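Input: a single structure, listed below in structure tokens.
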Amino acid sequence: GYLIKSAGPVEFLDAVRRAKRAGKARATFVRPLARRDMWVPTYTTKGAVAGKPPVTWEDGRVRPFVSAIITSVARLNSSEPNIHNVPLYLRDQFAAEPIYPRDDLSYPGRVLLSGDVDQFHLRIIANRWRVGRLLQAFHDGVDPHSSLALDFFGTAFRNADGWGPEGFSLKAKPKKGSLADRMRNMAKVMRYQGAYADVEEGLYRSVLKVEDKDTGDLPFAHMTLREVKRLYRIWMRAEPEWQNAWQWVEDSYKANGGWLEECVLGRRSGGLENGKKQAVVNYDILAAEPAIMSLIEADVRAAFPEDFDGPNTGL
């Protein structure tokens, strides 16, 4: 009651949204991650156990079911729990302890390595759909999102706070949280939200719902449909290859009789939501990502074969 009396409608709705967000995180991740041996089951009126037991085993580890065959694009898919969708503000807490503690003698000499590909998604789009300006940006070491932000905001982006001591540069990212960073994020959001032919009204709805993963804020909720349309037109004038690619993928889907073939290893799609435009265009890029990563993994395994540095070494 106090919240309703003291806050305006915007603040009230934001508080409701955050409460639902926290409640969903609690029900989806916090409660299920309790340890099984500490779980006290509750029962229904018919004597059956209510709900599923927690997913954390007695040794403190989580062992989700992981499959690469459920989704059409062949990305890993996990359940009980879905570890791919753990919110960032919870993920860091669960990743605090290393899988192989350095002082644990039961795992001598083991090292956990991880790697990432810089702007992997956008690099595939640039090469697959031949987006000239993206190809040039990656060749020249230019940040493609800053380039688009310069198209959107011009001199205001150049003069915004957040650049280093040497000033504005398309080869450097602005300081996180600065005005220049927020402008760059606007360009990044537009490009990724609209990457699969989600245009104008659809793009507008997507942009409004974008959340800051650290704070839970909606940084673009203030934007109007007119503003989003204007930025979209600027983007398409600068990089017209996107629209040509979307049409080409759709034409390929129809010519094949309702399926696509992934461009690296040839994995075929299913019906892709009966030809829904976003699903069809999405497959052409997303299906290439796990295929390329499979080739990378094969190269890594070849470089570090079993016993490469003595007994029991290797992946």
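Would you list Lys229, Lys188 from the most to the least accessible area, probe 1.4 Å? Write out the running numbers ahead of the final one.
Working: Lys229 50, Lys188 80 Å².
If we order Lys229, Lys188 from most to least accessible, we get Lys188, Lys229.
Would you list which aspartates and glutamates come within 15 Å of Lys173, measuring only between C-alpha atoms, while excluding same-chain residues fewer than 8 positions from it?
Counting by Cα, and skipping residues close in sequence, Lys173 has these aspartates and glutamates nearby: Asp118, Asp140, Asp143, Asp161, Asp181.
Once phi is turned into θ = phi - 60°, what whole-Hz ³J(HN,Hα) does the Karplus curve with 6.51, -1.76 and 1.60 give for every residue of segment 57-67, x standing for Gly and Pro?
Per residue, the Karplus-derived 3J(HN,Hα) values read 6, 4, 8, x, 9, 10, 10, x, 7, 10, 9 Hz.
Anything over 32 Å Cα to Cα? Flag those among Lys175/Lys277; Lys176/Lys276; Lys229/Lys276, in the order listed. Working shown, then result.
Values: Lys175/Lys277 37 Å; Lys176/Lys276 37 Å; Lys229/Lys276 22 Å.
With Cα atoms farther than 32 Å apart: Lys175/Lys277; Lys176/Lys276.
GluC sites (Glu not before Pro) within segment 226-315: which are DSSP loop residues with at most 15 other Cβ atoms inside 10 Å?
Values: sites: Glu227, Glu241, Glu250, Glu261, Glu262, Glu273, Glu297, Glu306; in loops: Glu262, Glu306.
Filter output for segment 226-315: Glu306.
With the radius of gyration and the Kirkwood radius both derived from the Cα set of the chain, what is their ratio Rg to Rh? Could the numbers behind the result be given before it?
Values: Rg = 23.7 Å, Rh = 23.6 Å.
Here the Rg-to-Rh quotient is 1.00.
Quick check: at a probe of 1.4 Å, how many percent of the accessible area of segment 151-304 sits on carbon and sulfur atoms? Don't skip to the end; give the middle numbers.
On the way: 4270 of 8540 Å².
Carbon and sulfur together cover 50 percent of it.
In the full protein assembly as shown, how much of Val30 is accessible to a 1.4 Å probe, in Å² to the nearest 10?
70 Å²
Where in the chain are the DSSP H helices whose C-alpha atoms run 15 Å or more along the long axis and whose mean Kyte hydropathy is at least -0.5? The partial results should precede the final answer.
On the way: long enough: 9-25 (24 Å, -0.48); 179-193 (21 Å, -0.79); 225-238 (20 Å, -0.54); 241-256 (22 Å, -1.59); 288-303 (23 Å, 0.66).
The answer, listed by residue number, is 9-25, 288-303.
Which shape class applies to segment 129-253: rounded if a/c is under 1.5, otherwise prolate when a/b exceeds b/c and oblate if not, where a ≥ b ≥ c are the square roots of the Cα gyration tensor eigenvalues?
Details: a/c = 2.03, a/b = 1.25, b/c = 1.62.
Oblate.
So, for the chain, what is the accessible surface per residue at a probe of 1.4 Å, expressed in square angstrom?
Numbers: 20330 Å² over 315 residues.
It amounts to 65 Å² per residue over the chain.
The values are calculated or read from the model by the stated rules, or taken from the named source; none is laboratory data. Note that the structure is a prediction, hence the values are computed from the model and not measured. Ideal geometry is used to build each Cβ from the backbone, glycine not excepted, and the neighbour counts take in all protein chains shown. Ligands, DNA and RNA are stripped out before the accessible areas are found, and what is left, the full protein with its side chains, is counted by its heavy atoms. Shrake-Rupley method; radii C 1.70, N 1.55, O 1.52, S 1.80 Å.
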